[in-house]
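Novice: Below is the structure I would like to discuss, written out as structure tokens.
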């Protein structure tokens, strides 16, 4: 089975349901999943992907724990995983970035999520899905991750663009020195369930901020959730060098307050 693009449409997914190498992850709340989900989809608790470290919430699980979680869900390294939710791909983006961080690139988001799926009257199921245990091997990909040290270096050397994806009010209240503000929700089309607007429009909008595809970009928000959406969108529209600052503003705030 070929790896999908970062965003796949419902027709692509429906035609492949039942493929032995396809895994579908539902990141909505448990009650929503129980009321109906895409056939064969597993329910994945987003919080299970994270832990608290050094006073910061929502930090990605360490490698051994992430391996165990994916293996217990029946996700192997050669599987294609498609994630969906009911929030413009926001939770799904965090899962996709997490998989990228641990070397698994065959991951995508269902564009339009559950809302578009049901709007198009596609099949659903209420039976909880189960998969046999698999073997998932995590291999760190340093090219998609940034920490406090990396951000400090980027500020000092000016060799990466820092993109703050929080709201304008949050940005104005305080941000990483030199960062440019771009609310993650700017990427979402009006009156649509889809994850991202037209790529040309988004590239033009970002260019007006001095953000161009050839540059290295570090995205952050408060805890790395909204920034994960921006990470996916930027890759989707042709920005190949994007990193997520996992600890984001919460970690930066702690770091700059340390003596």
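Novice: Does residue 9 satisfy the criteria of being within 19 Å of the chain's Cα centre (by Cα) and surrounded by 14 or more Cβ atoms within 10 Å (Cβ to Cβ)?
Specialist: Judged against the criteria, residue 9 is a match.
Novice: List the helices (runs of 4 or more DSSP H) inside segment 166-259, counting only whole elements, that have at least 3 residues being surrounded by 20 or more Cβ atoms within 10 Å (Cβ to Cβ). Break it down stepwise before answering.
Specialist: Details: elements: 168-173, 199-207, 226-236, 248-257.
Output list reads 226-236, 248-257.
Novice: Evaluate the following for residue 13: is it modelled with pLDDT of 95 or more, in a helix (DSSP H, G or I) and more than 21 Å from residue 246 (Cα to Cα)? Break it down stepwise before answering.
Specialist: Working: modelled with pLDDT of 95 or more: yes; in a helix (DSSP H, G or I): yes; more than 21 Å from residue 246 (Cα to Cα): yes.
So residue 13 fits the description; yes.
Novice: Name the residues in segment 23-52 that are free of Cβ contacts under 8 Å to residues at least 40 places away in the same chain and not in a helix (DSSP H, G or I), would you?
Specialist: 29, 45, 50, 51, 52
Novice: Further, regarding this structure: Examine segment 201-217 for a residue that is at pLDDT below 95 and out of contact with any helix residue (DSSP H, G or I) (no Cβ under 7 Å at 6 or more places or on another chain), and state whether such a residue exists.
Specialist: Looking for residues that are at pLDDT below 95 and out of contact with any helix residue (DSSP H, G or I) (no Cβ under 7 Å at 6 or more places or on another chain), one finds at least one in segment 201-217, hence yes.
Novice: Filter segment 111-147 down to the residues that are under 20 Å from the mean Cα position of the chain (by Cα) and in a helix (DSSP H, G or I), then identify the one that is surrounded by the most Cβ atoms within 10 Å (Cβ to Cβ).
Specialist: If we take residues in segment 111-147 being under 20 Å from the mean Cα position of the chain (by Cα) and in a helix (DSSP H, G or I), then 113 is surrounded by the most Cβ atoms within 10 Å (Cβ to Cβ).
The values are calculated or read from the model by the stated rules, or taken from the named source; none is laboratory data. Note that the structure is a prediction, hence the values are computed from the model and not measured. Neighbour counts run over all protein chains shown; Cβ positions are idealised from the backbone, glycine included.
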